[in-house]
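*Asks:* Here's a structure for you.
What follows draws every value from the coordinates through simple rules; no lab data is involved. Because the structure is a prediction, the values reported are computed rather than measured. Cβ: placed from backbone, ideal geometry, glycine included. Neighbour counts: every protein chain shown.
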Amino acid sequence: MKPSEKLAQLGLTLPTVPTPIAAYVNCVRTGNLLFLSGGLPIDAESKIIGQVPRDVSIEEAQEGSRICILNRLAVIAAEIGSIDHISKIVTLNGFVSSAADFYDHPKVINGASELLLEIFGERGKHSRTALGVSALPLNVCVEINLVVEVAEGY
């Protein structure tokens, strides 16, 4: 099954490509690699803000990490025409706005990793970093960036 078909089967759609909030671009391509800037948990329906677990539960933050992935996939689709042209998710870097005594950052970022595996199967297996930080842009709870490899010719 193509990733776009799996996305539809999961009842998910890609949002409008987010506009960068500062002096950067959403994506830089070199060869067959796309380096994506950090995506935030903001879509047309929600914006998940605050620190984990003080303001936002782990489950809410996991949903935020999934929103980040959908935003990043929208950027990729705009860049190469379709998420079906992704040959490999190379790496994922996740940043969690969290209280100083919170240590479950990997659980939050699992929301993103698991969604990528659902959509891409083996192609979705990636290396990963999950870090806690004291604050993120716009007071969001999570930010995620990606490096992906695209198929030849795209």
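*Asks:* I'm checking my understanding of the structure. Among residues of segment 42-52 that are surrounded by fewer than 19 Cβ atoms within 10 Å (Cβ to Cβ) and touching a strand residue (DSSP E or B) at 6+ places or on another chain (Cβ under 8 Å), which one is farthest from residue 99 (Cα to Cα)?
*Replies:* Among those that are surrounded by fewer than 19 Cβ atoms within 10 Å (Cβ to Cβ) and touching a strand residue (DSSP E or B) at 6+ places or on another chain (Cβ under 8 Å), it is 47.
*Asks:* State whether one or more residues within segment 23-32 are under 17 Å from residue 123 (Cβ atoms) and not hydroxyl-bearing (Ser, Thr, Tyr). Before you say what the answer is, go through the steps one by one.
*Replies:* Here is the first cut: in segment 23-32, the residues under 17 Å from residue 123 (Cβ atoms) are 32.
Still in the list and also not hydroxyl-bearing (Ser, Thr, Tyr): 32.
Taking every residue of segment 23-32 in turn, at least one turns out to be under 17 Å from residue 123 (Cβ atoms) and not hydroxyl-bearing (Ser, Thr, Tyr).
*Asks:* From 79, 63, which residue is within 18 Å of residue 4 (Cα to Cα), surrounded by 15 or more Cβ atoms within 10 Å (Cβ to Cβ), free of Cβ contacts under 8 Å to residues at least 60 places away in the same chain and among the acidic types (Asp, Glu)? It would help to see each step written out before you state the result.
*Replies:* Numbers: 63 fails: within 18 Å of residue 4 (Cα to Cα).
79 is the lone residue from the list that is within 18 Å of residue 4 (Cα to Cα), surrounded by 15 or more Cβ atoms within 10 Å (Cβ to Cβ), free of Cβ contacts under 8 Å to residues at least 60 places away in the same chain and among the acidic types (Asp, Glu).
*Asks:* Please go through (1) farther than 30 Å from residue 153 by Cβ; (2) of a type in the set (Phe, Trp, Tyr); (3) assigned to a strand (DSSP E or B) for residue 35 and return the number of the only condition it doesn't satisfy.
*Replies:* (1)
*Asks:* Is it fair to say residue 74 is over 14 Å from residue 140 (Cβ atoms) and surrounded by 12 or more Cβ atoms within 10 Å (Cβ to Cβ)?
*Replies:* In short, yes.
*Asks:* For a quick check of your reading of the model, give me the residue pairs whose first member lies in segment 11-33 and is in contact (Cβ under 8 Å) with a residue 60 or more places away in the chain and farther than 19 Å from residue 84 by Cα, whose second is among the acidic types (Asp, Glu) and exposed (fewer than 15 other Cβ atoms within 10 Å of the Cβ), with beta-carbon atoms closer than 9 Å and at least 6 apart or on different chains.
*Replies:* Nothing qualifies.
*Asks:* If a residue has to be surrounded by 15 or more Cβ atoms within 10 Å (Cβ to Cβ), closer than 30 Å to residue 103 by Cα and not polar (S, T, N, Q) to count, how many in segment 13-26 make the cut?
*Replies:* Of the residues in that region, 1 qualify.
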